[in-house]
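The values are calculated or read from the model by the stated rules, or taken from the named source; none is laboratory data. What you are looking at is a predicted structure, and each value in this text was computed from that prediction instead of being measured. Ideal geometry is used to build each Cβ from the backbone, glycine not excepted, and the neighbour counts take in all protein chains shown. Calculation scope for accessible area: heavy atoms of the full protein, side chains included, ligands and nucleic acids excluded. Shrake-Rupley method; radii C 1.70, N 1.55, O 1.52, S 1.80 Å.
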Amino acid sequence: MQLYLDSYRAFLLVRNGRFGVRLASGEERYFAVREVSAIVMTKGMGATSDALLLAVEHDIPLLLVDAETHAPRGLLYSGKPGNTALVRRRQLTFSRSAEGLRWVADLLADKIVAQMRLLLAMSERADAPAAYVSGLADGLRVLEGLERRFRSWRPAAGRGLGEAGFGRVCEAFRGQEGTASRVYFGHLGVLLEGVAAFSGRQKRPAFEPFNALLNYLYGMLYTSVLTALLKSGIDPYIGVLHADQYGGAPTLSYDFMEPYRPWADEVALELMLSGAVTETGGDFESDPLERGYWLSRQGRGKAIEAMLAYLDVIGEYRGRAMRRGTQLDAAAQALAARLKREK
């Protein structure tokens, strides 16, 4: 599990070989080391050096994140590679190769499949708008076509890609993924009519509450992906599709999380459609002129609880029953094994 310290003046400590969290009220809770996969802290928290050393000794990443956006701001990790240096050396070749693009194409195809599954699941809700249900077939046809294009992509036979060719493929992938996203989020906008304003995907700043909720949940998912890659000995900074974007960010994390973004979408939809999070119930704060919307402390608490519960649900992964959070670890380990085999 991920251990979150998000309450003001919460304090991380060690007691009898276990992690402890002391709240501002004086209440203390304890967690066995083996149960903790990562520790996430926001501004205003504290920790003993013993707690930090315990995390380092057991290769448990500790992330410092922005309270409003959940974007990572710093990382404490042992630095010991979870795999041989061979994996990271081969990442460099993989990141600029046809094999790396093949991997990305499959990720994007998997993402579209997950999007289609979520759209269909939402159509079965008793409160799904008639316009959403009736208009879904056309969108699914477009998404199915794009999924087939990604799944069938192969480099031209008999010649290398070269740097320019690699860039052109990445641009084509981004364009096709953008088309899929517009179709997908367009349907979500119809689904949310009368519940929440949603005119399309907005990153930061988000000028609609639902987009602010999505941004925060994507931030949570990003930290889960980042820790999974670190634990597998993979360098999260050596990306493929996103390698030239986001400045010095760990861009492989953006590549890796693509198929899992619909997890965050599902959590956001359930929170809004159920009324657990509302636009006017104190779950959001706003600065309409510059910063847009962001989750309040109350809203963050609901989002964190819902996302952690979602990651704890058991689902199927390659024929095995596995917690969703553990699936991220297994996928990262599979990538590390693939990199070991690369020549």
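According to a simple spin-label model (label point 7 Å from Cα along Cα-to-Cβ), what is the distance in nm between residue 278 and residue 321?
3.8 nm
Taking only protein heavy atoms and a 1.4 Å probe, what accessible area per residue, in Å², does region 221-343 have with all protein chains in place?
On the way: 5240 Å² over 123 residues.
Here the per-residue accessible area is 43 Å².
Counting only the heavy atoms of the protein chains, how much of residue 195 is accessible to a 1.4 Å probe, in Å² to the nearest 10?
60 Å²
Just grab the label-to-label distance for residue 73 and residue 106, each label 7 Å out from Cα along the Cβ direction, in nm (one decimal).
Those two pseudo-labels are separated by 3.8 nm.
Which order, highest average first, do 172-179, 262-269 follow once you tally other Cβ atoms within 10 Å for each residue and take the mean per peptide? Mind dumping the intermediate values first?
Details: 172-179: 14.9, 262-269: 22.5.
Per-residue mean Cβ counts within 10 Å order the peptides as 262-269, 172-179.
With label points built 7 Å along Cα→Cβ from the Cα atoms of residue 7 and residue 330, find their separation and express it in nm.
According to this spin-label approximation, the distance is 3.4 nm.
I'd like the FRET efficiency for residue 341 and residue 121, computed as 1/(1 + (r/R0)^6) with the beta carbon distance as r and R0 of 41 Å, rounded to 0.05. Write out the running numbers ahead of the final one.
Details: r = 36 Å, r/R0 = 0.87.
For R0 = 41 Å, the calculated efficiency reads 0.70.
Expressed as a whole percentage, what fraction of the accessible surface of the chain belongs to carbon and sulfur atoms when a 1.4 Å probe is rolled over the protein heavy atoms? Kindly include the intermediate steps, with their values, before the conclusion.
Working: 8250 of 16000 Å².
Reported share for carbon and sulfur atoms: 52 percent.
Can you list the lysines whose alpha carbon is less than 29 Å from that of residue 340, not counting same-chain residues fewer than 8 positions off?
Excluding near neighbours in sequence, the set is 80, 111, 231.
Stretch residue 33-residue 305 to full length: gain in nm at 0.36 nm per residue minus the Cα-Cα span?
Numbers: separation 272, 0.36 × 272 = 97.92 nm, distance 2.07 nm.
This chain segment gains 95.9 nm when fully extended.
Please state the relative contact order of region 1-111 as a whole percent: Cα pairs under 8 Å, 6+ residues apart?
Details: 160 pairs, mean separation 21.7, N = 111.
In percent, rounded to a whole number, it is 20.
Say the dipole of the chain comes from +1 at the beta carbon of Lys and Arg and -1 at that of Asp and Glu; which of 221, 194, 268 then lies farthest toward its positive end?
Final value for the positive-end residue is 221.
Rounded, prolate or oblate: pick one for region 1-109, where a ≥ b ≥ c are the square roots of the eigenvalues of its C-alpha gyration tensor, a/c under 1.5 means rounded, and failing that, prolate if a/b is larger than b/c, else oblate. Before the final figure, lay out each step's value.
Details: a/c = 2.95, a/b = 1.97, b/c = 1.50.
It comes out prolate by the Cα gyration axes.
From the residues 24, 94, 150, which one has its Cα farthest along the dipole of the chain in the positive direction, the dipole being from +1 and -1 charges on Cβ of Lys/Arg and Asp/Glu about the Cα centre?
94
How would you classify the chain from its alpha-carbon gyration tensor, with a ≥ b ≥ c the square roots of the eigenvalues: rounded for a/c under 1.5, else prolate if a/b is greater than b/c, otherwise oblate?
Values: a/c = 1.85, a/b = 1.09, b/c = 1.69.
In terms of gyration-tensor shape, oblate.
Calculate, in nm to one decimal, what residue 130 and residue 313 gain on full extension: separation in residues at 0.36 nm each, minus their alpha carbon distance.
On the way: separation 183, 0.36 × 183 = 65.88 nm, distance 3.01 nm.
That works out to 62.9 nm of additional length.
What full-extension length gain, to one decimal in nm, is calculated for residue 50 and residue 142 as 0.36 nm per residue of separation minus the Cα-Cα distance?
Numbers: separation 92, 0.36 × 92 = 33.12 nm, distance 5.42 nm.
The residue 50-residue 142 span can extend by a further 27.7 nm.
Could you work out the relative contact order of region 250-343, using alpha carbon pairs under 8 angstrom and six or more residues apart, expressed as a whole percent? Let's see the in-between values first.
Numbers: 54 pairs, mean separation 14.9, N = 94.
Here the relative contact order equals 16 percent.
Which residue, chosen from 303, 132, 76, occupies the Cα position most advanced towards the positive end of the dipole of the chain, where the dipole is computed from +1 (Lys, Arg) and -1 (Asp, Glu) charges on Cβ about the Cα centre?
Looking along the dipole axis, the top candidate is 76.
Name the residues whose placed amide hydrogens come within less than 5 Å of the amide hydrogen of residue 284, ignoring near sequence neighbours (fewer than 5 apart) on the same chain.
296
Percent relative contact order of region 82-202, based on C-alpha pairs within less than 8 angstrom and at least six residues apart? Please list the in-between numbers first.
Values: 73 pairs, mean separation 40.7, N = 121.
Relative contact order comes out at 34 percent.
Suppose every K and R has +1 on its Cβ and every D and E has -1 on its Cβ; what is the size of the dipole of region 1-88 about the Cα centre, in Debye to the nearest 20?
Working: 10 positive and 9 negative charges, 27 e Å.
For this selection, approximately 120 debye.
Quick one: net charge around residue 31, please, counting Lys, Arg +1 and Asp, Glu -1 for every other residue with C-beta under 12 Å from its C-beta. Numbers along the way, then the final one.
Values: positive: 15, 18, 29, 34; negative: 28, 35.
Computed value for this residue: +2.
Using the crude model of +1 on Lys and Arg Cβ and -1 on Asp and Glu Cβ, and no other charge, please compute the dipole size for region 219-307 relative to its Cα centre, in debye to 20. Mind showing how you got there, number by number?
Working: 6 positive and 13 negative charges, 58 e Å.
So the dipole magnitude of region 219-307 works out to roughly 280 debye.
If you place +1 on the Cβ of every Lys and Arg and -1 on the Cβ of every Asp and Glu, how big does the dipole about the Cα centre of the chain come out, in debye to the nearest 20? Let's see the in-between values first.
Working: 43 positive and 39 negative charges, 296 e Å.
Here the chain has a charge dipole of around 1420 debye.
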